[in-house]
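Notes follow once the structure below has been shown.
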């Protein structure tokens, strides 16, 4: 049984602080369906405190006024600490969202570290100020930090996406309010601890686990200068609508329906393993997963049989077992969503080549078999809508 992790405070302005609200988020294991963690649910008043701290830190604090080399030094320490603690981070994320541990080590933890590292490389070579020729003479172009950033991250790759938002913002000199998903708030506490030990000044970073209602309050807050959101298309539309009331600039990274394209001369022994890994990565819970496979009609049967055999051989089970290749989905609602799409696909006339239900012997946990549909037409919903699970 996984040890219960409890946090009684919120990370606001760089310090652990008692929450102003009384609500609590319970983190449920997708494998055991048991409570594995509890954290405070940030309230609107907590958002106000975090934004105020970030506003003060940006308008009056040292962070935007430090040199780039000084900011790189702090961010490098964050990156290095993630590398040291990558196994711990991977275990926590696998426990939260069901990501197979072997994939978590590679993508959830080390992948996040690589994003921090890549941002440092970009920052070293970035042109912050340049002189250009204008119609009436020389023009000075200067790139300055945008201000207070609201960074809203999803549950599927929480550290990776947090790194993609935090690293550029911090290196630019911005202050950030990070909003992790209620399904995966535990790893965010590790990040907060790392950031504090790395030497981020007071107010530069706050971390507020919360639901959609509080997230909406955050992105619509007048103290926010920039919103960076990763999530569903429907939620992205709402984020843009709310932020637009303050003319807050917004970056959205939304859903996907990526295709793997098999060319007529493709080598089957090379193509199949790579596509299977890309299709069922993170249990299919990735916007970049290759959830459609386009195959030449002349080689359809050959490839369909090979993909079905490879998918059927994937090991499904406990996400913390290093041998597991496909774990449970993050929540019961996601399991039901996938099972509903499997039913819809069959009703539309698609043929199940492998999978199609719950895995035998796994009656507990939010599992769905690695499922492969054949005879799919592009007009079908399963070909056009993001399923976000192990259904290809």
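Helices (runs of 4 or more DSSP H) wholly in the range 190-294 with at least 2 residues that are outside the structural domain of residue 325 (by TED's automatic domain parsing) and in contact with a helix residue (DSSP H, G or I) (Cβ under 6 Å, 6 or more places away or on another chain) - which ones? Show your work before the answer.
Values: elements: 212-219, 233-244, 268-279.
In the range 190-294, the matching helices (runs of 4 or more DSSP H) lie at 212-219, 233-244.
For the condition crowded, with 24+ Cβ neighbours inside 10 Å and within 22 Å of residue 80 (Cα to Cα), what is the one hit in 106, 110, 178, 171?
178
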Search result, residues across the range 272-312 that are farther than 18 Å from residue 389 by Cβ and under 27 Å from the mean Cα position of the chain (by Cα):
272, 273, 274, 294
For the structure I just gave you, tell me whether residue 304 is in contact with a strand residue (DSSP E or B) (Cβ under 6 Å, 6 or more places away or on another chain), crowded, with 16+ Cβ neighbours inside 10 Å and closer than 14 Å to residue 280 by Cα.
no
From the list 26, 88, 33, which residue is without any contact (Cβ under 8 Å) to a residue 40 or more places away in the chain and either assigned to a loop (DSSP other than H, G, I, E, B) or surrounded by fewer than 24 Cβ atoms within 10 Å (Cβ to Cβ) (or both)?
26
Would you confirm, using the coordinates I've provided, whether residue 99 is surrounded by 20 or more Cβ atoms within 10 Å (Cβ to Cβ) and outside any helix (DSSP H, G or I)?
yes
Residue 94 vs (1) in contact (Cβ under 8 Å) with a residue 40 or more places away in the chain; (2) within 29 Å of residue 217 (Cβ to Cβ): all pass except (2)
Selection count, the range 119-142, where residues are under 28 Å from residue 219 (Cα atoms) and in contact (Cβ under 8 Å) with a residue 24 or more places away in the chain
5
Scan the range 239-247 and give yes if some residue there is in contact with a strand residue (DSSP E or B) (Cβ under 7 Å, 6 or more places away or on another chain) and surrounded by fewer than 20 Cβ atoms within 10 Å (Cβ to Cβ), otherwise no.
yes
Qualifying position, being within 22 Å of the chain's Cα centre (by Cα), surrounded by 16 or more Cβ atoms within 10 Å (Cβ to Cβ) and not assigned by TED's automatic domain parsing to the domain that holds residue 331, among 82, 72:
82
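I'd like the full set of residues that are part of a loop (DSSP other than H, G, I, E, B) and either at pLDDT below 95 or in contact with a helix residue (DSSP H, G or I) (Cβ under 8 Å, 6 or more places away or on another chain) (or both), limited to the range 365-378. Please lay out each step first, then the result.
Going residue by residue through the range 365-378, those that are part of a loop (DSSP other than H, G, I, E, B) are 365-370, 375-378.
Answer for the range 365-378, where residues must be part of a loop (DSSP other than H, G, I, E, B) and either at pLDDT below 95 or in contact with a helix residue (DSSP H, G or I) (Cβ under 8 Å, 6 or more places away or on another chain) (or both): 366, 367, 368, 370, 376, 377, 378.
For residue 157, state whether it is crowded, with 24+ Cβ neighbours inside 10 Å, touching a strand residue (DSSP E or B) at 6+ places or on another chain (Cβ under 6 Å) and in contact (Cβ under 8 Å) with a residue 40 or more places away in the chain.
Details: crowded, with 24+ Cβ neighbours inside 10 Å: yes; touching a strand residue (DSSP E or B) at 6+ places or on another chain (Cβ under 6 Å): no; in contact (Cβ under 8 Å) with a residue 40 or more places away in the chain: yes.
Answer is no for this residue.
Being touching a residue at least 24 places away in the same chain (Cβ under 8 Å) and either surrounded by fewer than 18 Cβ atoms within 10 Å (Cβ to Cβ) or assigned to a helix (DSSP H, G or I) (or both) is the filter here, so list the residues in the range 333-358 that pass it. Explain how you work it out, then say what you get.
Initial filter on the range 333-358 (touching a residue at least 24 places away in the same chain (Cβ under 8 Å)): 334-335, 337-339, 341-342, 344-345, 348-351, 353-355.
Of everything in the range 333-358, those that are touching a residue at least 24 places away in the same chain (Cβ under 8 Å) and either surrounded by fewer than 18 Cβ atoms within 10 Å (Cβ to Cβ) or assigned to a helix (DSSP H, G or I) (or both) turn out to be 334, 335, 337, 338, 339, 341, 342, 344, 345, 348, 349, 351.
Part of a helix (DSSP H, G or I) and either within 30 Å of residue 321 (Cα to Cα) or over 26 Å from the mean Cα position of the chain (by Cα) (or both) - does that describe any residue in the range 121-142?
So in the range 121-142, the residues part of a helix (DSSP H, G or I) come out as 121-125.
Then drop every residue that is not either within 30 Å of residue 321 (Cα to Cα) or over 26 Å from the mean Cα position of the chain (by Cα) (or both), which leaves 125.
Taking every residue of the range 121-142 in turn, at least one turns out to be part of a helix (DSSP H, G or I) and either within 30 Å of residue 321 (Cα to Cα) or over 26 Å from the mean Cα position of the chain (by Cα) (or both).
The values are calculated or read from the model by the stated rules, or taken from the named source; none is laboratory data. What you see is a predicted model; the values in this text were computed from it and never measured. Using ideal geometry, Cβ is built from the backbone for each residue, glycine included, and neighbour counts are taken over all protein chains shown.
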